[in-house]
Structure formats: C-alpha cells, structure tokens
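These notes are about the structure you will find just below.
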Amino acid sequence: MQDFAFTQNQMRVVFGAGCRSQLGAEMEQAARRRALVLATPFQKGMAESIASQLGTRAVGIFVGAAMHTPVDVTAEAMSAFNVAEADCVVAVGGGSAIGLGKAIAWRNNTAQFILPTTYAGSEVTPILGETDGGRKSTRRDYRIQPEVVLYDAELTLSLPVAMSVASGLNAMAHAVEALYAQDRNPISTLQAVEGLKALKVALPRIVLSPKDITARSHALYGSWLCGTVLGTVGMALHHKLCHTLGGSFDLPHAETHAILLPHSAAYNAEAASDELRPVVDLFGGSVGSGLYDFAASIGAPLALKDIGFVDAAIGPAAMMAIENPYWNPRTIEQGEIAVLLRNAWAGTRPR
Ligand code: NAD
C-alpha cells in the first residue's frame, strides 16, 4: 500500500426520490430564509416548481445559466441576487446551473443548496470553471464547495436518454482517472470502483426504461461517488483533453467526455495496469476496448467528428493539450496525443 493523505470535505447529502420536499427544512436548519433559484432557460419550469414549493423562502428566479459559466452571466445573476436580497442560492440542474451557483458563492461566499439533475458530479466538488472572452480558467477553493446536496432521482426522469448516457460516462471518466491519480487514497479508490459499478448497472437499464426510478436512483448514487473523487484527487490526461476540446473548440461537455474516455484510458492502460485492473474486471476486454464496447452498447456517441470536431483541428488540439500538462501516469507526447485524437475523431475501437 502506498502512503497517502486524506481530506474529508464537509458537506451534507440528502438522498431519496422525492427528497426535494425537504429543501425548505434544509434551508431552515442552515438558518437561510431567502433563496435565489438558478437554472438554465431549458429548466425554467423546474425552477418555478421549486420556487413555488419554497413559497416565501424563494425571493427570485434566475434562469440564464449557461455551459462553461460565462462571467457576464454570473454578473447578471449577482445583480439579481443583490436586488432580491437573497441569503443563499438553490441551483436546480446539471453542471451549468450548479456552476453558476458556485460562481456566485466564490464571489460572495453565500450558501448553496443543490438539486442535481444530471450525472456530471459538479455538486460535490470545490472546483469552478469559468469562461471569460472565450478562455476557460479553473479554480479550486473551499467557498466553491456547495453546503447541501439533495439527490432526488425524480428530477432526473426528464433527462433525455442520450444526455443520460453521455452524462453517466462523464461521471465514469472521473472515476477512471481517480483510480490512477497520483494523490489517490484507499477511500477514493473504493468510491471510484463503487461509482463505476453503479453506473455500469444503471445506464443500460435507463436506456431500456428511462422512467425506471430505481435505475435513476442508482445512477445518481454512482454520480455522487464519481463526483466526489473528482473533487478529492487530481485528474490527468483525460480531463486535460476534455478541457482543451470543450474550452477552445466549443465541443459539448458530456459527449466529449463520453467519446474520449476509452481512448484516454487506453493511452494509460499499460502505465497504470494495476490501478486500472477494476475497469478490466468490470467491463472486460482491454481497458480501452471494454469501455468502448460498453459505451457502444448503450448508444453513446463514439466519434468526435459526429459532434463538430474537424480533423484539421487535431494538430492544434494536440499541441494545446501538451501545454501545461496535468500529471499523468504515462508521459504525454504530442505525436501520440495526435494519434489518440485521430482515433477518437474517427470513432475507432481502441485495441
Ligand atoms: P448542463 O447542465 O449544461 O445540462 C445540459 C442540458 O440539459 C441543459 O439544457 C439542461 O437544462 C438540460 N437538463 C439538465 N438536466 C435535465 C433534466 N433532468 N431534464 C431535462 N433537461 C435537463 O450539462 P452538464 O453536463 O450537467 O454540465 C456541464 C457543465 O458542468 C460544463 O460547464 C462543465 O464544465 C461543468 N462541470 C463542472 C464540474 C466541476 O466540478 N466544476 C464537474 C462536471 C461538469
């Protein structure tokens, strides 16, 4: 066993179908009385329903949240927060709504109550990625970590199957990278393996039956564990590639993770063969082919060319990916990264 350090982040998690009804009581317990409810424009109805459930505890709704947390949207939301004299935020949605809540908390240290509706895992991390003038920067701070998360699977029943699959693979990517993280510890490894197991069972069931509340709950459980390891240990090549393609080539977040995961895992398969053994045990094949076959079996997108990435961008993206590289178990080499990206672009099954 290797030496390790372990930090336990303080946060409260409430889990259960229908548990959004406890939001008012959670606010009461935290002595918060005036919530600004946040969502994307698409989830306006959900935000209104949460606000109506909160009654006078909701003092405003802001439905301008957008992917990659643009700072001009945050400025608008900050002014809505101040005008409403809010004393906390309630974010209902995926990483976009949650990112906006974190961006507000980073600026004014307000309390955050989160109702996640995707599997991206942002709700349990102290990490905030923001975009300003087309450039994405990421910071980590205790103020960013939400205080209370209510995992209510009923709120995920409306998540389209394609988005559920891509988002579930996004969560799995956190777990796969946590297995070989330089600063991994026995607890992060347990959580990563359990998260992968839960999503392996839940995602195929959701594809067959999107309204299956048990499968939806299981997927949220997996996403909690995968998000938790994203927040506690360092990420490597896979996340660096996704940040590059999302931040500089404007590719959709969850789909990019879903497509790249088999390829980045294959890249590290030999260098981290012991650490990745649980992935082989769960998904079979070699690390990359097992993950690829699982993704294909649940109808995930498999090729970057299908989500708007052009082959002329492979070279520039490979060059950007090796600038300020994250720690990775295998040396990151530009030519090899270009091969990885070409395979992911074409959707080739890793050997
Ligand atoms: P998202 O929040 O952008 O959601 C995608 C779309 O699906 C949106 O239109 C949203 O309104 C809709 N949607 C979400 N849940 C729904 C539901 N249950 N029913 C119907 N529609 C629903 O997507 P995401 O993948 O969850 O989040 C991506 C963002 O989160 C990116 O900006 C990414 O950088 C960030 N993120 C951050 C972290 C972190 O730790 N900081 C972790 C993961 C993701």
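The values are calculated or read from the model by the stated rules, or taken from the named source; none is laboratory data. Everything numeric in this text was worked out from a predicted model, so none of it was measured. Don't worry about glycine lacking a Cβ; one is built from the backbone with ideal geometry, like all the others, and counts go over all protein chains shown. We work out accessible area using only protein heavy atoms, side chains counted, and drop any ligands, DNA or RNA first. Shrake-Rupley method; radii C 1.70, N 1.55, O 1.52, S 1.80 Å.
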P(r) over all Cα-Cα pairs of region 90-226, 10 Å bins from 0 to the longest distance, whole percent per bin, short to long, reads 13, 40, 35, 12, 0
Heavy-atom accessible area with a 1.4 angstrom probe orders D306, D183, D141, most exposed first, as D306, D183, D141
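What translational D, rounded to a whole number of µm²/s, comes out for region 212-307 from Stokes-Einstein when the hydrodynamic radius is the Kirkwood one over Cα pairs, at 20 °C and 1.002 mPa s?
Working: Rh = 14.5 Å.
Translational diffusion coefficient: 148 µm²/s.
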Result for the chain: accessible area per residue, probe 1.4 angstrom, in square angstrom, of 41 Å²
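Can you give the extra length, in nm with one decimal, that the chain gains between Q334 and K136 once fully stretched, where that is 0.36 nm per residue apart less the Cα-Cα distance?
On the way: separation 198, 0.36 × 198 = 71.28 nm, distance 2.16 nm.
Full extension of this stretch gives 69.1 nm more.
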Within region 1-78, DSSP-loop trypsin sites (Lys or Arg not before Pro) with at most 15 other C-beta atoms within 10 Å are R33
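Are there GluC sites (Glu not before Pro) in region 255-307 that DSSP marks as loop and that have at most 15 other Cβ atoms within 10 Å, and which are they?
Working: sites: E255, E270, E275; in loops: E270, E275.
Filter output for region 255-307: E270.
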Cα-based Rg and Dmax for region 95-165, in Å, come out at 12.9, 37
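Quick one: dipole size for region 232-288, taken about the Cα centre, charges +1 on Lys/Arg Cβ and -1 on Asp/Glu Cβ, in debye to the nearest 20.
Working: 2 positive and 6 negative charges, 16 e Å.
Charge dipole of region 232-288: 80 debye, to the nearest 20.
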From most to least accessible, 1.4 Å probe, no ligand or DNA/RNA atoms counted, W106, W327 line up as W327, W106
Measure of exposure for Y119: accessible area at 1.4 Å probe, Å² rounded to 10, is 0 Å²
Of the convex hull drawn through the C-alpha atoms of region 160-258, the volume per residue in Å³ is 76 Å³
Filtered hits (lysines, Cα-Cα < 17 Å from K102, offset >= 8 within chain) -> K136
For the chain, the Cα gyration tensor yields equivalent-ellipsoid semi-axes (√(5λ), largest first, whole Å) of 33, 21, 19
Each label sits 7 Å from Cα toward the beta-carbon; between Q182 and R205 the label points are separated, in nm, by 3.9 nm
The percentage of Cα-Cα pairs in region 127-184 separated by more than 12 Å is 80 percent
Computed curve, region 265-309, Cα-only Debye sum without solvent term, log₁₀ I(q)/I(0) at 0.13 Å⁻¹, is -0.33
Carbon and sulfur atoms account, in whole percent of the 1.4 Å probe accessible area of the chain, for 53 percent
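Tell me, what is the percent relative contact order of the chain, built from C-alpha pairs under 8 Å that lie six or more residues apart?
On the way: 695 pairs, mean separation 51.3, N = 351.
Worked out over the chain, it gives 15 percent.
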Per residue convex hull volume, Cα only, region 59-112, in Å³ is 65 Å³
Filtered hits (lysines, Cα-Cα < 25 Å from K200, offset >= 8 within chain) -> K211, K240
